[in-house]
Every structure is written in structure tokens, then in C-alpha cells.
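K.L.:
Attaching a single structure in C-alpha cells format; questions to follow.
The values are calculated or read from the model by the stated rules, or taken from the named source; none is laboratory data. Owing to the predicted nature of the structure, the values given are computational and were not obtained by experimental measurement. Neighbour counts run over all protein chains shown; Cβ positions are idealised from the backbone, glycine included. For the accessible areas, the whole protein counts, side chains as well, though only heavy atoms, and no ligand, DNA or RNA atoms are used. Shrake-Rupley method; radii C 1.70, N 1.55, O 1.52, S 1.80 Å.
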Amino acid sequence: MPASPSTARALNDRLALRLLQQQGPLTAGQLKQLTGLSRPTVADLVDRLTASGLITVVGESGEQRRGPNARLYGIVADRAHLAALDVRTEGVFVLVSDLVGRVRAEASVPIGGDTGTGPAVEQAVAAVESALKEAGADRLHTVGIGAPGLIDPATGDLRDSAGLPAWHRRLAAALQDRLPGARVTVENETNLAALAEQREGAARDRDTFVLLWLGHGVGAAVVLDGTLRRGASGGTGEIGFLPVPGTSGLPSATDCDGGFHSLTGAAAVVALAGECGLPVPAAPDGPGAAEAVRGAVAEVGSAEAVRGVVAGVGSAEAVRGVVAGVGSAEGAVDDRPASRFLRALADRIAVGVASVVAVLDPGCVVLGGEVGQAGGAVLAELVRERLGRMSPLATEVRASGLGGAAVLRGALLTARERAQDDLFTPPER
């Protein structure tokens, strides 16, 4: 059954807006070429979208011929403003952007563990309001929040999880109260990181992969055939609770101690560094663990090779050379503290990765979070080599392209998509 005229117009409008968002600004002629629509249809939709306040003339194409056909059209970026929040146990990071994703303001606020729920919520909300003011905007259309813990698939709310501050669960409601009209949504932080890695980071060429988040805590996100999988209760990827060898016990329903978290969480990574004879960072948190890993990588291999590898421009041969240096020195095991630490950490990570690979066979695992980014290609190659000895399933192991920034980027991408879904449906005329 053919679409009605109004449905066809809505579909054409949405297509044009998506093209303008992804490739714009564009002329009417370029829109005609990219959409395959007729010239009169494109002229009609341009008039319609301009009248709706969604697009405007932003310049000319630079062609010799002037006139309507040379006008460049772009999305009205200030039509809506968005906020993205990365909620951590120790604070909140905030950014405000326009409708096309240009960041207009950023803010962060540390929140101590002894801060009460009410004051903590107030500090977080004040950070959002401060960023909104700095961006020169008076309201927010959509707010995307990334937070640790389980998201109830039925309600979209952050579930009560042991070990997480109570203010995390109060924040979304407080923002909704203080920002009337804004659409506030919450998503698991690791899921948002996976979205960002797929769109802008290490998994851009993959429809199926697993992101292993290594930071203050441990988590995983599963993307199969281009779709993020959440599970029946929203708990897909709660790998911190995975029972593994090498721990002092088993995890419980309310505590992941004894699970994979006990091997690869930030506190465990910092403790491992001390056991191997490396300097122990002051704080056993995500940044502290990343500092230990980054320092160890900097000590192995030649300085030139390590700089290239850490910067992401080193060749595969350079990576293998650094990894070989970690594993051996003139045929013997390299007993430097940094090498012992990296080998032991890769062994621990590979245990959890092997379990995920055995069940899902994703073909690709991305090591994300602060620790995954700090370890870079060296840690990824060490894990891949160990995984190859444990699993018959060919699996790439890649370093994160975004690291700790992935959650905030994922929250912004999600907020932008939801805002555009709302605004890119022009009213009927």
C-alpha cells in the first residue's frame, strides 16, 4: 500500500534532516542528488523545513552562479540544547551542546563519599545549571545520564544497587523537577561507552563486539548485529559478578567481591602494582589504576616504540616488539616490576574475556575505561595473546579509542538522537 502524501512528506523531511545533520550544510541540488527526490519535491521540503524553523540558509556554495540553487542550508543548531552527564561514585561530569552536537560548555563537581544525599544532588544539579548558563541557553530539551548500576528495562530508572551512593538514584528526578520540559533519561554507563566506541571509537567497523570497561569498577556491554543487548532485567554485562578463579571466595547477590571485580577493579589493579614492586598511586580509584598501568607501559620496550604505541600510531610490529619485551628478555622472563605487573594484569583480564568469548563469540573485545585506555595497544595485545591460548575462537582485542570520555560521548549521542527524533518530525501543514 503506497504511503499517504503526509507520510511521504514526513519521511522525506526526516531523510533530508538526517543528511543535513551528517553531511551538511548542503544545497538544494546536493539534497536532490543524495535523496534521489525530484527538484520540485526538494524545493517543497526545503520551504517546509525552513518555515518550521528546523533549517536556515547558512551561506552559499561558492559556485560562480548565484541565486537560490547556490544557497547552503543547515540545521538550526540553537533550536535545542542538550546536556550529557557522566555520574561517577566520586562526582559528576557535565557538558551542554547544541542540536548538532557542538559542545558549548563543560562542568564537573567532585562529590565526597561523606556528602549527604540531598547536598550531593544539589551539587550535581547546580553543575548542570552552571553549564547551561555558560552555554548561553535558557532551557534544555534533553538530558542524557550515564550511571553505574542496573537500569530497570520496564521503567528506565536506576535500580537500587549495593555500593552505589543513594544520590545517584535521586538525580534524574531532581533534574526533571528543576528543568521543566526537559526529557531526562538514564542509561548504564558501560552501554553508553559501547555506543560511543561504535560510533566514534575503536569499534566503528564492527556490528558485533563486547566492550569491557576497566575503571573504578568493571562492566561489559554487548552489541550483537548492531543492537545493544540489555537482558531480561537490564543486567547484561554485569561481569563484575562473574565467578572466576584466583579470588578469595564467590560473589553474592549484593556484593561483587569474589567475582571478576576482585581481580580487575581499580583497587585490585592498584594493589597488584604494589605487589609487583611498582609505586602505589595515592587513590585506589579509576584514575589511580590508570596511572599505575600508564607508568608500567612507559617503562617497557624502547622509549620511541612505546611513545608510538601509546599514541596509537605505532605499527603492529612495534606493538609486538614491546609485548615481546614484556614477556621475555634474551630468552628469559623479564623480571622488571613493570613487566611482571603487565603480565599479571593481562592474565587476570584474559580470564574474564575468555568467559565472555566462550558464550558470545563476538569476534572483537574492546578494552575501555581509564585502565583500558592507559594500557593501550600493549595491554590489548598481551590480553589477545593469552586469550589465544585459552580459546579456539578467533577474537580481536582492541584498545579503547575514547577511554574515560566514552561515557560522556555516549550520553551526548543518545541525547542528541532523542532530541532529533522529536524535533525532526515537522508539524503537519
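K.L.:
If eta is 0.692 mPa s and T is 37 °C, what Stokes-Einstein diffusion coefficient results for segment 171-232, Kirkwood Rh from Cα pairs, in µm²/s?
P.N.:
249
K.L.:
I need to check one value: relative contact order of segment 5-75, counting alpha carbon pairs closer than 8 Å and at least 6 residues apart, in percent.
P.N.:
38
K.L.:
What length, rounded to one decimal in nm, is gained on full extension from S108 through to V57, with 0.36 nm per residue of separation minus their alpha-carbon distance?
P.N.:
14.8 nm
K.L.:
Can you give the accessible area of C276, probe radius 1.4 Å, in Å² rounded to 10?
P.N.:
For C276, the solvent-accessible surface is approximately 10 Å².
K.L.:
I want to verify a result. In a Gaussian network model of the chain, Cα cutoff 10 Å, which of these has the top mean-square fluctuation: I75, I349, I145?
P.N.:
I75
K.L.:
Using the Karplus curve 6.51 cos²θ - 1.76 cosθ + 1.60 with θ = phi - 60°, work out ³J(HN,Hα) for each residue of segment 227-239 in order, rounded to whole Hz, and write x for Gly and Pro.
P.N.:
10, 6, 9, 9, x, 4, 10, x, x, 4, x, 6, 6
K.L.:
Could you rank R88, R169 by how accessible they are, 1.4 Å probe, largest area first?
P.N.:
Reading off the accessible areas and sorting them downward yields R169, R88.
K.L.:
Right, another one. How would you rank 240-246, 201-207, highest first, on the average number of other Cβ atoms within 10 Å across their residues?
P.N.:
Top of the packing list down: 201-207, 240-246.
K.L.:
Pick from Q373, Q30, Q198 the residue whose mean-square fluctuation is largest in a GNM of the chain, springs joining Cα atoms under 10 Å.
P.N.:
Q30
K.L.:
Given H placed on each backbone N at 1.01 Å, which residues far from R398 in sequence or on other chains put an amide H within less than 5 Å of it?
P.N.:
Under 5 Å from the amide H of R398 lie the amide H atoms of V365, V366, L367, each far enough along the sequence or on another chain.
K.L.:
Whenever you get a sec, line up R79, R48 from highest to lowest accessible area (probe 1.4 Å, protein heavy atoms).
P.N.:
R79, R48
K.L.:
Further question on the same structure: Could you give each residue of segment 74-91 its phi-based ³J(HN,Hα) in whole Hz, using Karplus coefficients 6.51, -1.76, 1.60 with θ = phi - 60°, and x for Gly or Pro?
P.N.:
Those phi angles translate into x, 5, 6, 4, 7, 4, 8, 10, 10, 10, 10, 10, 10, 9, 10, 5, 9, x Hz.
K.L.:
Something else about it: For the chain, what relative contact order do you get, as a whole percent, if you take Cα pairs closer than 8 Å and at least 6 residues apart?
P.N.:
Relative contact order, the chain: 15 percent.
K.L.:
What ³J(HN,Hα) values, in whole Hz, does the Karplus curve 6.51 cos²θ - 1.76 cosθ + 1.60 give for segment 164-174 when θ = phi - 60°, with x put for Gly and Pro?
P.N.:
Per-residue couplings from phi come out as 9, x, 5, 5, 4, 6, 8, 5, 4, 5, 5 Hz.
K.L.:
Also, I was wondering about something else. Please check: in the Gaussian network model of the chain (C-alpha springs, under 10 Å), which one of V365, V109, V100 has the largest mean-square fluctuation.
P.N.:
Maximum among the listed residues: V109.
K.L.:
What is the calculated FRET efficiency for R294 to R139, with r their C-beta to C-beta distance and R₀ = 35 Å, to the nearest 0.05?
P.N.:
My answer for the efficiency is 0.30.
K.L.:
Additional query: Along the Cα→Cβ direction, 7 angstrom out, place labels at S130 and D421. What is the inter-label distance in nm?
P.N.:
3.2
K.L.:
Would you grab the residues whose amide H sits under 5 Å from the one on L54? Only those 5+ places off in sequence or on another chain, please, with H modelled 1.01 Å from N.
P.N.:
Distant-sequence amide H within range of L54: zero hits.
K.L.:
Also: Between R178 and A267, what's the calculated FRET efficiency when r is the beta-carbon distance and R0 is 35 Å? Round to 0.05.
P.N.:
0.50
K.L.:
Right, here's the next one. Any chance you could look up the accessible area of E60 with a 1.4 Å probe, heavy atoms only, rounded to 10 Å²?
P.N.:
The accessible area comes out at roughly 90 Å².
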